[in-house]
Each structure stands twice: as C-alpha cells, then as structure tokens.
Amino acid sequence: MVLSRGLIGVKRVSWWYVAVWVALQQIDLGAHGQRMKDNMYTPVNGAHCFRRLNGTHVTGCSCKCSECGRSQSPSNGGSVGVLHLINSKADIDFIVQKHPSPPYAPIVPPALYTRENILRLRDEAGPYVSALVLMNNASGLEQFSQESRCPNQYSGLAAGQQQQRCSVDQAEDSWNPWGSGLLLEDFPFPIFYVAGVAEMEKLLDCYEKFNAHDLENQHQRSLCAIEVKAFMSAAVSTDICMRRSNSYNSLIPATKFCDPLQGKNVYATLFPRPIVPEEQRVEGPERIVLVSTRTDTTTMFDGVGLGAMDSVVPFAVLVAVAHFLSQALPSNDRNVLFLFFNGESYDYIGSQRFVYDLQTGAFPSRGTQTKPISMDNIELMIDLGALDNLTDLHVYHAAPQPMATKVAELLRKINQQFGFGIQAGQPVMTTNLPPVSAQSFLRENITFPAVIVASRPANRFYHSIYDDQENLHYRYGNHSRKYDFTQLEDLDLGDRSDLYGKDSIQMRIRNASTLIGMSIYELLTGRAYGQRNGTNSVLIDEFLHCFLESADCPLFRATVKPDTPHVYPAPPPRYISVHTTLTSDATGWTYRVLGLLLGQKVENATKANCSALHLPYQWMAGYGGAGECRRTTQNMSLALSPAFMNETYDFTSYRYSTWTESTWSEMSARIFLRPSPAHETLTLSIGIVVMVISFVLVFLINSRSDVLFNQGSTSSIP
C-alpha cells in the first residue's frame, strides 16, 4: 500500500511539472506569436472616409459587416484587398473584366479620382473591390472637389422651384462647377487617404515588389494586400438610425449608432449690450445690423481639409471688418452683431438654429442677462459668401431690396476713392443665391433685408483635401514682432510688397475687408470714413497662419493668459463634428480672438482686479504678452438643428437639416503579404499532419504513462 501511494505521488508530481512546462512554453510561444504578428503586418497611417446620414439617405463609406465584424474588436478583421495601382482607365478595366485574384484594393491618384472612375469601381467592379486607397499627389492637379455642384441644394431658398435655381446638370448655372458629388454618394467599401511620403512608399514598394508583374497569373503567387478597418454602425437614414439608437439605449444604456452634427456659433456685438433684470427681459426696439459668414468646412476624410478658400478667406475678412469697426466707430445708435455660423456645410445647421432661436425668443441665452433679439430687430443682414476672387465682388438679393443697391453703390464709390482695384457691379436679384447662411432667413421671409456679398465660383478644390494654403498661394510673413496687429494700418504704406511680395493674399484680403468695413461704417453713420486707415495686413497674415498652419501662433497666444502653455503646432480642425463635453478648438479660438480684437481695454487693471470682475471681463496676454484686461462682448450659441428638438419631426420634410454622423469603434489600416493558394494549401496540409502526429503522440504517451513516468521510486516495508 505504501509503495502504491508513493508511485501515485510521483506520477502526480511529474504531471504537475509537465503542466507547468507546457504552460511556460505556451506563454513563450504567445510572446513570439505577437512578435511574429508584428512582423507580418505593417501599419499605414492615413485618413478614413466615414459615414454621414440625413433624413432620406446615407453617404460616405463603410466596410461590410461580414468583413469587419460588428464588434470591431482587435481579433476581427477588416476589408482585405490586393493592392492594384490605377494609372489609367485600362487598369480599371483589368479589375472589372479580368480580376484574377479578387478582392482588390485599387490605389487611385487624385487625377483619376473622378466621379466616372469611382462609381465604375463601385457599380461595375463592386464584387471584386473591398477597399480603395487614395494617394496624395497634387502635382499638375487642375481640379478636385467631391462636393455637389449645388451645395445644400435641398435646403436653400430655391428648393422645389423650377426656375432660378442651381443646376447640377449645367455647370454654368451652378455654384461649384467642378464638383463631382462623391461626397453625397454611399460606398460599400472603405476609402483610405494616404498623405505622407513614407506611408505612400510603403504601399508602392510593396506593390512593385509583389504585384506589379505578370498580372494575368498573379493569383498563383503571394500578393501584397491591405486590410482596412472602418465599420460604421449607422445605416439607411437619420430617422432609422435615431430610432434604432433609442430602442437599443432602453436595453443597453449609452448605445448609439449615430449622433447629430452639432457645434457652436460664435457671435460678438460691436458695443456692449445693457444687462437687464429677468423681469425686464423682453424684446425691445433695439436696432441691429447683422454681419455674418461661416467658419466650418468639410471633406470626405476624417480630420483632413483646411477649407482655405471656401471658408477661411471670408472668415478672415469678417474678423478684419469687425476689428476695423471696433477701432473706427466708438459709438452709434445701432449696434452691429458679428455672427460666425458653424455647420453651414450641412444644410445650414448653425443659421437654421439661429433663426429658430430668434423666432422662439431664445437668443441670446438667459445667461447673458440681456434682452432677447428677434428678426424684427435686424434692420439689415450683410452675409459674406465665398470670396474666391477678392477683386471681383458681387451683391445678391432675393427680393426688391433698396439696401442692396446702396451697398453696391458704396462698394464702387469707396473703391474708386481709395484705389483698391476691386470691381463691384450692379446688384443681382435672383433666387439662385450662393450657398450662404442668408438662405435660412430668406426661407422664413423672402423679403427679409438680406444682402449677400460674394464672388463668382473660382475654387477648383471646394470642400476637398487640397483646399489648403497652397490653393491660396499663401506664404507666412511673420512680421508681428515688428508691427502691432491690434491697431489699424496706414493705407499710405502702399501694397506692402516688402512684407508679402506682389499680389499677396494678405493684401487682397486687407483691401476687400477695408472696403467692406468702410461701406458698413458709412451705412451706420451716414457719412464717409474720413481717415486713411484700413484693416491690418499683419493681423490677416497671423490669422491665416493660425488657422492654416499652426495654432501655436502669436495671435492665438495673445488671446490667452500669459502663462498658458504652448499648444500643439497644427491648425485647428473646423469640421462641425458631434456633441462633446469640450468646445472645439476652432470655436474656442474664434471666441478668444474676438475678445482680443473687439474687447474694450481696461486701463491700469491688474490680473487680480480683472479676475474679480468676472465675465465679460477677461484677462489675456495681449499683443505685448504682459497681460491686459478687456471688457468683451463675444459669446456662443448652440448650432444644433431644430429637427432634433422635436420628437415627432418628419425627417423627410426638408424643413431643417437632419445630418448625423455614424459611430465607429476602430479605424485603422495595415499591409501584409497575402499567401498564394498553393501556399495556403501547403500550410493547411502541414497543419493537419502535425495535428494527427500530435494526437498519436498524446495517445502513446498516455497509454504508456505508467512506464514513462515511473522514476524507480522505492520504499522500505516496515
């Protein structure tokens, strides 16, 4: 009995050592397996196309459920396709007609990223395409716009009319003649944009080494492939997605498939508005001139796109105009409301919400402790549209409007007086208006006193990744150390070619903003501006630098406290996005810049004194960086479509913007070598043989365990 128990004990100890050894081997193999995986896959950095929805349609890109998996956990794969470089339409024919080793991931240069080619890859080559890669190559590129020829076509004043409306079929009657409309299409595969030179070399080197030769027989060898993870949760339309989110949220809290596009408008008044008690917070006879533009932009790809010409230029013009009037006009019986709308790229989200708030007495918010403003308080609205050609301004209005004639006359008169070199013709009355915020007001009342200042379309890169500083031919002058950008500029200094060169964008914006500022000055006062000061070209130079190149810039640093750490040197994104707990960078910087440029400086105020006063007094670094106190007038208002305020809203009515953005869990891309069928067969065969041998060995070891693990233990019998 003792001998038997001893043998059993030896077997148990031996098996325990074997189990520990096996576990350690598995851990070691797991570690080596992770390193092997890292060697198999090479990550690729870039930007993803993602999905947006409105009341009736879905747009954007997503990989299929069967490819990406709903959970998007790291173990789930993505859309996998063999890389195939598209240099001509013949390469597209190869995928459509031959496709020997599908699915493919075509690599498309921007010159071939046309509506015809991309829709052909989607519709004709759909079964053989699982992803698409857009390569960055702007060399020789003449046009590149994925926006519709008629931006916001179904939410403007002319929606539903048969005459005097923007035409997507006739470029000459459109506001974006170079638009392909791909931004409004739905793609059942991910589209991945690669911008970095090193990242492009990864793809092209891999393609040239493994895929570029013997295309007809490429299925017989291992090929370079890309895996793109970009599964979008939303589908069908905003209405379906929101109801689906609400139903799931009742079962699983915080479950969302899409979120409404949402941001903040920024506004400021030329003069402070009086604070009134709550019981006196009723509409009064206040007279207001509204001057507005938009601040947002958009592209097909997440986090890419500066919107330099489409929105930064009018944005800069209005900031310069506001600064000019704050310096030139110390008082007036009419106030000026400067409004910077957000979300205008998506059916005028910001302006629609602003009009809704005016109609319901919700603007400004009660927290401002000022009287509400209604549409009746607005005597005139001057809306700045796209200013693609700053030397050729046009004035538009939708109904007979005497102020339109007055504005056009002032532009011509002042230009002739100061020699700005800007043409301004007769006002144009039409319902085919540019895609501007004033359309939200005119839809409510076509006789609303709105005057639009814009130029004819000339931006061949509207709402695209290439509407950047190069599109403006902008070069940073960096003269803020020598010249104070918070002061007006002497027009007798000439064209400042010593600072920026000939025909610079800085001087064209300065001339246009000065012309518009002087025109508004004369409208308000009834007399011409009597000095030879204009908007500041150094301020404009710094503004463009901040929003196009780096937020770590002198202008932005002057708007925050002196001891504030430097921010990341990249331009702030201006896509409206969705609700977050933090204010977006672009909105925050706009708010602070207006505080600096429009705020009234409080002399001899210390930081402690200024902080004790609370809002609207703000302590900021100022031009010199030493710190100064300013009484500010700027604030924010919500830019969320009124459609999401009403639970019974009809999402197919086109009354309000209904845009939402899909949620996602992971977006990534990586390349790897996809084995040939013969290699896969060999690997499977070896795996089966190893499995069979393992089963046999385990059987033999188990059947002879009493011999193999008998270590000759002995015991003495008492």
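I'd like to verify a number: residues in the range 437-478 that are among the polar types (S, T, N, Q) and in a loop (DSSP other than H, G, I, E, B), how many? If you could, list the steps in order and put the result at the bottom.
Here is the first cut: in the range 437-478, the residues among the polar types (S, T, N, Q) are 437, 439-440, 445, 447, 455, 459, 464, 469, 471, 478.
Subsequent filtering for residues that are in a loop (DSSP other than H, G, I, E, B) retains 437, 445, 447, 455, 459, 464, 478.
Of the residues in the range 437-478, 7 are among the polar types (S, T, N, Q) and in a loop (DSSP other than H, G, I, E, B).
At pLDDT 95 or above and on the phi > 0 side of the Ramachandran plot: is that true of Gly303 in this structure? Even if it seems obvious, please write down each step before you answer.
Working: at pLDDT 95 or above: no; on the phi > 0 side of the Ramachandran plot: yes.
No, not satisfied.
Of the residues Phe189, Phe210, only one is of a type in the set (A, V, I, L, M, F, W, C), modelled with pLDDT of 95 or more and open to solvent by less than 20 Å² (accessible area, probe 1.4 Å); which?
Numbers: Phe210 fails: open to solvent by less than 20 Å² (accessible area, probe 1.4 Å).
Residue meeting the stated conditions: Phe189.
Taking into account only those residues within the range 502-544 that are in a loop (DSSP other than H, G, I, E, B), of a type outside the set (Lys, Arg) and touching a helix residue (DSSP H, G or I) at 6+ places or on another chain (Cβ under 9 Å), which is most open to solvent (accessible area, probe 1.4 Å)?
Asp503
When you go through (1) touching a Ser or Thr at 6+ places or on another chain (Cβ under 9 Å); (2) open to solvent by less than 10 Å² (accessible area, probe 1.4 Å); (3) assigned by the TED database to the domain that holds Ala320 one by one for Leu594, which number turns out not to apply?
(3) is the only condition that Leu594 fails.
Of everything in the range 65-97 that's open to solvent by 50 Å² or more (accessible area, probe 1.4 Å), within 16 Å of Phe257 (Cβ to Cβ) and not in a helix (DSSP H, G or I), which residue is modelled with the lowest pLDDT?
Ser71
Just to be sure before I move on: is Asn635 open to solvent by 50 Å² or more (accessible area, probe 1.4 Å), closer than 29 Å to Gln262 by Cα, free of Cβ contacts under 8 Å to residues at least 12 places away in the same chain and within 30 Å of the chain's Cα centre (by Cα) in the structure I sent?
On the way: open to solvent by 50 Å² or more (accessible area, probe 1.4 Å): yes; closer than 29 Å to Gln262 by Cα: yes; free of Cβ contacts under 8 Å to residues at least 12 places away in the same chain: no; within 30 Å of the chain's Cα centre (by Cα): yes.
In short, no.
Step by step: first the residues of the range 598-629, then only those that are on the phi > 0 side of the Ramachandran plot and free of Cβ contacts under 8 Å to residues at least 12 places away in the same chain, then the one that is surrounded by the most Cβ atoms within 10 Å (Cβ to Cβ). Which residue is that? Outline the logic, then answer.
Going through the range 598-629, the residues on the phi > 0 side of the Ramachandran plot turn out to be 604, 614, 622, 625, 627.
With the extra rule that they be free of Cβ contacts under 8 Å to residues at least 12 places away in the same chain, the set shrinks to 604, 614.
Details: Asn604: 6, His614: 8.
Ranking the qualifying residues of the range 598-629, first place goes to His614.
Based on this model, can you work out whether Ala198 counts as at pLDDT 95 or above and in contact with a Lys or Arg (Cβ under 8 Å, 6 or more places away or on another chain)? I'd like the intermediate steps shown before the answer.
Details: at pLDDT 95 or above: yes; in contact with a Lys or Arg (Cβ under 8 Å, 6 or more places away or on another chain): no.
For Ala198, the condition - at pLDDT 95 or above and in contact with a Lys or Arg (Cβ under 8 Å, 6 or more places away or on another chain) - is not met.
Just checking, does the range 95-113 include any residue being polar (S, T, N, Q) and within 27 Å of the chain's Cα centre (by Cα)?
The answer is no, given that none of the residues of the range 95-113 is polar (S, T, N, Q) and within 27 Å of the chain's Cα centre (by Cα).
Go through the residues of the range 450-466 one by one and say whether even a single one is under 29 Å from Glu628 (Cα atoms) and open to solvent by less than 10 Å² (accessible area, probe 1.4 Å). Don't jump to the end; show me each part of the working.
Going through the range 450-466, the residues under 29 Å from Glu628 (Cα atoms) turn out to be none.
No, the range 450-466 has no match at all.
How many residues does the range 401-420 hold that are part of a helix (DSSP H, G or I) and either open to solvent by 50 Å² or more (accessible area, probe 1.4 Å) or among the β-branched types (Val, Ile, Thr) (or both)? First the steps, then the outcome.
Within the range 401-420, the first condition is being part of a helix (DSSP H, G or I), and the residues that meet it are 402-418.
Filter once more, keeping what is either open to solvent by 50 Å² or more (accessible area, probe 1.4 Å) or among the β-branched types (Val, Ile, Thr) (or both): 402-403, 405-407, 409, 412-414, 416-417.
Selection size over the range 401-420: 11.
Being surrounded by fewer than 16 Cβ atoms within 10 Å (Cβ to Cβ) and over 17 Å from Cys546 (Cβ atoms) is the filter; apply it to the range 471-497 and report the residue that is farthest from the chain's Cα centre (by Cα).
Asp492
Output the number of residues of the range 164-189 satisfying the condition of being over 22 Å from Thr297 (Cα atoms), outside any helix (DSSP H, G or I) and in contact (Cβ under 8 Å) with a residue 24 or more places away in the chain.
Selection size over the range 164-189: 4.
Of the conditions (1) at pLDDT 95 or above; (2) in contact with a strand residue (DSSP E or B) (Cβ under 7 Å, 6 or more places away or on another chain); (3) open to solvent by 10 Å² or more (accessible area, probe 1.4 Å), Leu442 fails just one. Which one is it?
Checking Leu442 against (1) at pLDDT 95 or above; (2) in contact with a strand residue (DSSP E or B) (Cβ under 7 Å, 6 or more places away or on another chain); (3) open to solvent by 10 Å² or more (accessible area, probe 1.4 Å), the one that fails is (3).
Find the residue count for the range 218-262, including only residues that are surrounded by fewer than 18 Cβ atoms within 10 Å (Cβ to Cβ) and in contact with a Pro (Cβ under 7 Å, 6 or more places away or on another chain).
Matching residues across the range 218-262 total 2.
Residue-wise test of (1) open to solvent by 20 Å² or more (accessible area, probe 1.4 Å); (2) farther than 22 Å from Val428 by Cβ; (3) not in a loop (DSSP other than H, G, I, E, B).
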residue: Pro364; (1), (2), (3): no, yes, no
residue: Gly367; (1), (2), (3): yes, yes, yes
residue: Ile373; (1), (2), (3): no, yes, no
residue: Asp376; (1), (2), (3): yes, yes, yes
residue: Tyr396; (1), (2), (3): no, no, yes
residue: Ala399; (1), (2), (3): no, no, no
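The values are calculated or read from the model by the stated rules, or taken from the named source; none is laboratory data. From a predicted model like this one, the values you see are computed outputs, not experimental measurements. As a convention, Cβ positions derive from the backbone with ideal geometry for all residues, glycine included, and neighbour counts pool all protein chains shown. For the accessible areas, the whole protein counts, side chains as well, though only heavy atoms, and no ligand, DNA or RNA atoms are used. Shrake-Rupley method; radii C 1.70, N 1.55, O 1.52, S 1.80 Å.
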